[in-house]
Amino acid sequence: MGVLAGVEPIPVFHFFEEICKIPHGSGNEAGLSDYIRQFAEERGLFCIQDEWKNLIIIKEAAPGYEAEETMILQGHMDMVAVKEADAEIDLNKDPLRLKLEGDTLFAEKTSLGGDDGIAVAYALALLDAREIPHPRLEVILTVGEEVGMEGAGKLDLSMLKGRRMLNLDNEEEGILLVSCAGGVQADCLLPTVWEERYGVILHIQVAGLKGGHSGAEIVKEGGNSNCLMGRLLDILIQKTSASLLSLEGGHADNAIPRQTDAVLVVKQEEVDLCIQKMQELEAQMKTELAVKDADVRVLITKEEERTVSCLQAESMRKTVSYLMAMPNGIQAMSADVDGLVETSLNLGIMKLTKDGLLLQYAIRSSLESAKEEVCRKLQSVSYLAGATVRFGGNYPGWAYRKESPLRDKMIRIYERMYGRKPEIQAIHAGLECGLISDKIPGLDCISYGPDMRNIHTTEEVLSISSTQRVWEYLLEVLKEKEDV
């Protein structure tokens, strides 16, 4: 018997648990896509699986709903698959280990993938049901959303009839999302020069940060472990001859990194000074982040002297200077919407290889011109440093629609069910609504979903009761006919 057996809504959590048995981190969605394709075929549903493993599944209207507006339901199959350092699990092969505590569902020592597995579960539950009243349903399930919305960008939607879409990729119940930022990925590579050197080996780790989704959480201005490591390295090269053997932090460009690891070689006589400087900077970080990220820490371990391959002195200075000069975080707040980030970028992945220092960014803005300006800034700094920049995964923002029958309907139903109106919001995070709107002229779209916290982290949790309420709300939206 599964962990979620008997948990309401039973059909939704049945399929969510099935989804969690199949690894589906970004780039590894084929198994889940094949499972869903087989699910559709077994039920005689029209299904297209394209070469990238995106899926379109169509279920005709229930009796009495043939004349109603088609509803598109949309979500993505991939998740940000991250785990704690000591977790004995291979997220490319092993199922998630679900845990249930009261109203909270999470996965042991890994991310849960409620973003956006719960959308897939809602869709499968609707497609599987026989007694639920609904109009024609057109279900779009994409791949690669978390890595630049690659799947949505390649989708052919020409066969769809629907002009109303409910995107199920929101993590806060009671909020109807009506607009989002556009974004682009940037891969920056600075060439490095290596040499052999003899010295003491120091392992440095910046850890203890909250991290989170770079769209939803960047407004909180918590610590970015990659950037904090850059500060630490900058102090060391000013005071010592320390040089890098390795440097790595972060798991996804759109997740604020929580932990960054570096390995350095230093002269025996400089070890105590290195440790002192790192301890001083740790104290500064704790003061600066006392409210925003109070658990930040710098961990240091030491190995005996040996000869290793490390960055040549000038290459070390250039590498650290490049890291220090590159922008990160909020670049501008919206002048129109109080508290909304307009433009930001997140250094989500940092890795030192024999080819050079790789920095991977997620750039977001609700203004296309501002997004382009950040891209030019990265190019300018990189040009001065001798680095190269490659952009990809460019997706448009989702513009607010002044007239929206779907929004009016959802507000009306929500108010009837809960005695209050839902909040109408725009977000800084990216959604596939913009890309899909470009492919379907006149698309009327809303994004909605149940309460989740700490997505893209190992502390990700999903509310059981909220999942139930959103399911009930979704059923009412599908049930209500247009002549009401």
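The values are calculated or read from the model by the stated rules, or taken from the named source; none is laboratory data. Here the structure is a predicted model, which is why all the values come from computation and not from measurement. When we count neighbours, we look across all protein chains shown, and the Cβ atoms used for this are built from the backbone with ideal geometry, even at glycine. Each accessible area value is taken on the protein alone, full model and side chains, heavy atoms only, with ligands, DNA and RNA left out. Shrake-Rupley method; radii C 1.70, N 1.55, O 1.52, S 1.80 Å.
For the chain, the solvent-accessible area works out to 42 Å² per residue, with a probe of 1.4 Å and every protein chain left in place.
By accessible area, using a 1.4 Å probe on protein heavy atoms only, the chain has 48% of its surface on carbon and sulfur. Each other residue within a Cβ distance under 13 Å of LEU177 adds +1 if Lys or Arg and -1 if Asp or Glu, for a net charge of -4.
Amide H contacts of ASN170: TYR448, GLY449, each under 5 Å away and 5 or more positions distant or on a separate chain (H built 1.01 Å from N in the peptide plane; Pro and chain starts excluded). In the chain, the DSSP beta bridges split such that about 80 percent are antiparallel, to the nearest 5. Charged side chains reduced to their Cβ positions (Lys and Arg at +1, Asp and Glu at -1) give the chain a dipole of some 780 debye around its Cα centre.
For region 69-91 and region 306-334, write down the distance between their C-alpha centroids in whole Å. Cα centroid of region 69-91 versus Cα centroid of region 306-334: 31 Å apart.
Where both bridge residues fall in region 28-126, DSSP classifies roughly 100% of the beta bridges as antiparallel.
Seen from ALA325, the other residues with C-beta closer than 13 Å to its C-beta sum to a net charge of +3, counting Lys and Arg as +1 and Asp and Glu as -1. Assuming a ≥ b ≥ c are the square roots of the Cα gyration tensor eigenvalues, decide whether region 180-326 counts as rounded (a/c under 1.5), prolate (otherwise, with a/b larger than b/c) or oblate. Cα axes put region 180-326 in the oblate bin. Over all other residues within a Cβ to Cβ distance under 13 Å of LYS220, the charged ones net out to 0, with Lys and Arg as +1 and Asp and Glu as -1.
Extension gain, ASP187 to THR301: 0.36 nm times the residue separation minus the Cα-Cα distance gives 38.0 nm. With each label modelled as a point 7 angstrom along the Cα→C-beta vector, the ASP103-GLN379 pair spans 4.9 nm. Here the 3J(HN,Hα) profile of region 64-69, calculated from phi with Karplus coefficients 6.51, -1.76 and 1.60 at θ = phi - 60°, is x, 10, 4, 8, 7, 4 Hz, Gly and Pro shown as x. Model label points for LYS292 and LYS479, set 7 angstrom from Cα along the Cα-to-Cβ axis, are 4.6 nm apart. Would you work out if region 80-198 is rounded, prolate or oblate? Take a ≥ b ≥ c from the square roots of the eigenvalues of the alpha-carbon gyration tensor; rounded if a/c is under 1.5, else prolate when a/b is larger than b/c, oblate otherwise. Cα axes put region 80-198 in the oblate bin.
Going by the alpha-carbon gyration tensor, a ≥ b ≥ c the square roots of its eigenvalues, is region 258-367 rounded (a/c under 1.5) or, if a/c is not under 1.5, prolate (a/b greater than b/c) versus oblate? Oblate shape, in that a/c is at least 1.5 and b/c is the bigger or equal ratio. Note on exposure: PHE391, PHE46 ranked by accessible area (1.4 Å probe, complete protein assembly) read PHE46, PHE391, with the most exposed listed first.
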